[in-house]
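The values are calculated or read from the model by the stated rules, or taken from the named source; none is laboratory data. What you see is a predicted model, and the numbers here were worked out from it, not measured in a lab. Cβ placement follows ideal geometry from the backbone for every residue including glycine, while neighbour counts extend to all protein chains displayed. Protein only, heavy atoms only, side chains kept; ligands, DNA and RNA dropped before computing areas. Shrake-Rupley method; radii C 1.70, N 1.55, O 1.52, S 1.80 Å.
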Amino acid sequence: MGNSTIPNTFGLSVTADNFLTFTTVPQLRTILNELRQPFIVVGEASNILFTTKHYKGTVLRSGITGYEFTEDGPDILVTAGSGVHWDDFVAEVVRRNLWGAENLSYIPGTVGASAVQNIGAYGAEAKDIIHTVQAIEIATGDKRIFSCEECQYAYRSSIFKHELANSYVIISVTYRLSRTPRPNLTYKPLAEAFDNKANPSLDEIRNTVIQIRRSKLPEPSEIGSAGSFFMNPVITIDEYEKLKKIYPDIPHYEVEDPKNHCITGIKTPAAWLIDHAGLKGFSIGGASVHLTQPLVLINRSGTATSDDIIALSSHVIDTVKNMYNITLRPEVIFV
Ligand code: EPU
């Protein structure tokens with residue numbers, strides 16, 4: 001048994017028995033055929049918290065890269081290998097003047113992870129552009145093509161995180177992008193950054209998104225984190241009305257059922273709840289609540305352990321629960 005180091009964006013010191021990268025589908029099938037121990041599939045482990053220093057099993061990573069472009073009426077279907085670094089994909093399609101991915105600039109992770117996690121930011125989600133997802137069934141080695149609908153996308157969620165968790169390995173994702181300019185400035189801070197300038201270019205949107213992310217979020221190459229540690233909670237309208245009496249400024253967004261067009265709940269920003277609980281900068285060991293975006297937990301010292309991060313996460317969850325009676329759910333997956 002080896003002792004391979006597992007790169008992860010938290011910058012935790014983690015090893016596993018095996019760390020295997022596949023670059024072709026036949027290679028993946030051979031690996032799956034021969035696997036005799038627990039395993040997990042990761043992209044860049046940018047949304048994963050390894051809870052132990054050593055993972056007793058195999059960590060599998062996609063190294064499938066490359067792009068294919070197909071005309072489809074006014075749109076372009078772009079297929080990218082699941083191992084492509086997400087922001088390289090965004091840079092590539094922006095360079096080719098294709099619209100749809102620009103608001104998702106600079107998100108850490110891979111193309112494969114975008115389809116598992118339904119990554120989202122600045123008024124856009126991966127599901128808005130995902131056309132199909134190509135994957136290999138772990139039990140049989142068979143290839144299956146999932147339509148976007150079959151992936152059952154929801155906020156930071158898909159069938160690959162629930163019903164089909166650990167059942168498929170994604171090999172590529174096809175996105176539907178547009179040659180026609182379609183700036184999406186629904187996220188207020190983004191519109192404000194353009195001072196309501198009409199028709200910003202693709203490059204301008206990408207650069208502005210990168211600038212906003214850099215001003216709020218820890219720089220991935222400098223400070224370890226897994227992006228948002230918690231999801232934004234959705235509470236009932238009654239719960240919201242009660243909270244509003246105590247905290248009149250609590251930000252809120254109505255959550256609408258897309259089918260029935262009725263309001264099903266109220267989303268409140270976890271960042272606001274954590275901030276107003278006085279937890280910005282709160283630390284346990286080497287782990288801290290980030291100062292400019294408190295829903296991000298960081299490896300401040302560079303030497304934080306997973307225990308520090310777990311203890312910090314529990315403290316944040318308990319404090320928020322006691323103060324607002326809201327239970328925060330981690331977005332990060334504990335392995
Ligand atoms: N806020 C505070 N204090 C702060 C920071 C924010 O009170 O120090 C409040 C403000 O009211 C602000 C609100 O939180 O209006 C929302 O903040 P922000 O716009 O930064 O977005 P978010 O809801 O906290 C989500 C995503 C981010 C994504 C941004 C931008 C989740 C869990 N997170 O954060 O995603 O970049 O929107 O669209 O949905 C990630 O998933 O890793 C991630 C960074």
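Here are some notes:
- Sulfur and carbon atoms: percent of accessible area, region 167-264 [1.4 Å]: 50 percent
- For the chain, the relative contact order comes to 16 percent (Cα pairs under 8 Å, sequence separation of at least 6).
- Within the accessible area of region 1-126 (1.4 Å probe), percent carbon and sulfur: 52 percent
- Accessible area in square angstrom per residue, region 269-335, 1.4 angstrom probe: 41 Å²
- Atom-type composition of the exposed protein surface of region 272-335 places 53 percent of the accessible area on carbon and sulfur (1.4 angstrom probe).
- Loop-located chymotrypsin sites (Phe, Trp or Tyr not before Pro) across region 176-273 with a Cβ neighbour count of 16 or fewer within 10 Å are Tyr187, Phe194, with loop assigned by DSSP.
- 1.4 Å probe accessible area per residue over region 1-115, in Å²: 43 Å²
- Where region 209-267 is the region considered: accessible area per residue in Å², 1.4 Å probe: 64 Å²
- Spin-label model, Ile210 to Glu256: label points 7 Å out along the Cα-to-beta-carbon direction sit 3.4 nm apart.
- Shape category assigned to the chain from the gyration tensor of Cα positions, a/c cut at 1.5: oblate
- Contact order relative to length of region 1-69, as percent, for alpha carbon pairs under 8 angstrom and 6 or more apart: 41 percent
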